[in-house]
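Read-outs: derived from the displayed coordinates by stated rules, not from any lab. Fair warning: this is a prediction, and the values are worked out from it, not measured in the lab. Reconstructed Cβ throughout: ideal geometry from the backbone, glycine too, with neighbour counts over all protein chains shown.
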Amino acid sequence: MRDARLGAVLAAGMLAVAACRQDMHDQPVYEAYEPSAFFADGRASRPPVPGTVARDEGDLHDPFHTGRRGDALVDRMPVAIDAAMLARGRERYDVFCAPCHGRVGTGDGMIVQRGYRRPPSFHEPRLRDASDGHFFDAITNGFGVMPRYAGQVPAVDRWAIVGYVRALQLSQDAPVELLSPDERARLPREAGTP
């Protein structure tokens with residue numbers, strides 16, 4: 001009989017515990033626009049830090065963020081390129097672009113070698129003559145089968161990649177006269193040259 005009573009008490013206790021409300025749906029945190037006694041202005045919602053730009057807004061209509069002036073693509077990059085930015089461009093290019101475009105921009109990356117559609121070479125006259133804004137726009141919004149990279153690559157890195165693509169183009173077609181004597185000495189000799 002004692003075991004039956006103990007069982008009944010335990011069952012009643014379990015029912016009582018199960019019936020307790022945990023109130024997890026109403027946690028002790030402030031909701032948007034709720035008043036707060038903690039802050040001097042009485043608001044729980046804090047104003048954004050000055051200079052904050054909403055992530056999804058992309059309101060930034062300047063050439064740095066769009067690659068455009070009005071409806072036209074910019075001819076030249078709106079940022080200065082230096083050695084550090086080119087190094088960053090190379091690093092970002094190797095991560096995001098080289099799998100398809102190849103290490104020197106000829107369109108023979110590893111993905112292409114595995115059957116993906118070959119992108120055009122950056123060394124074609126059409127792309128040598130393309131504006132810097134064209135490359136920025138292609139990275140930002142995608143082009144053909146190329147996906148958009150605006151979400152993965154910040155604008156400053158997109159411009160760095162554009163600068164690096166321009167450096168790749170120069171590296172494959174630089175006039176010998178622009179090279180220093182030391183650089184010329186490192187060039188492979190053509191057949192028949194002393």
Listing Glu124, Glu177 by rising number of other beta-carbon atoms within 10 angstrom, fewest first, gives Glu177, Glu124
Amide H partners (placed H, <5 Å) of Arg43, local residues excluded | Ser36
Counting only C-alpha contacts under 8 Å and six or more residues apart, can you give the relative contact order of the chain as a whole percent?
-> 17 percent
Taking Cα atoms of the chain, Rg/Rh with Kirkwood Rh, to two decimals?
-> 1.36
Ranked highest first by the average count of other Cβ atoms within 10 Å around their residues, in what order do 69-75, 129-135 fall?
-> 129-135, 69-75
For region 81-172 the mean separation of alpha carbon contacts under 8 Å (6+ apart) over residue count, i.e. relative contact order in percent, is 34 percent
More than 21 Å apart: what percent of Cα pairs in region 81-172 qualify?
-> 22 percent
For q = 0.13, 0.23 Å⁻¹, Debye-computed log10 I/I(0) when each Cα of region 72-120 counts as one equal scatterer | -0.40, -0.83
Mean residue ellipticity (222 nm) of the chain, computed from DSSP H runs ≥ 4 via -39,500 (n - 2.57), nearest 500 = -12000 deg cm²/dmol
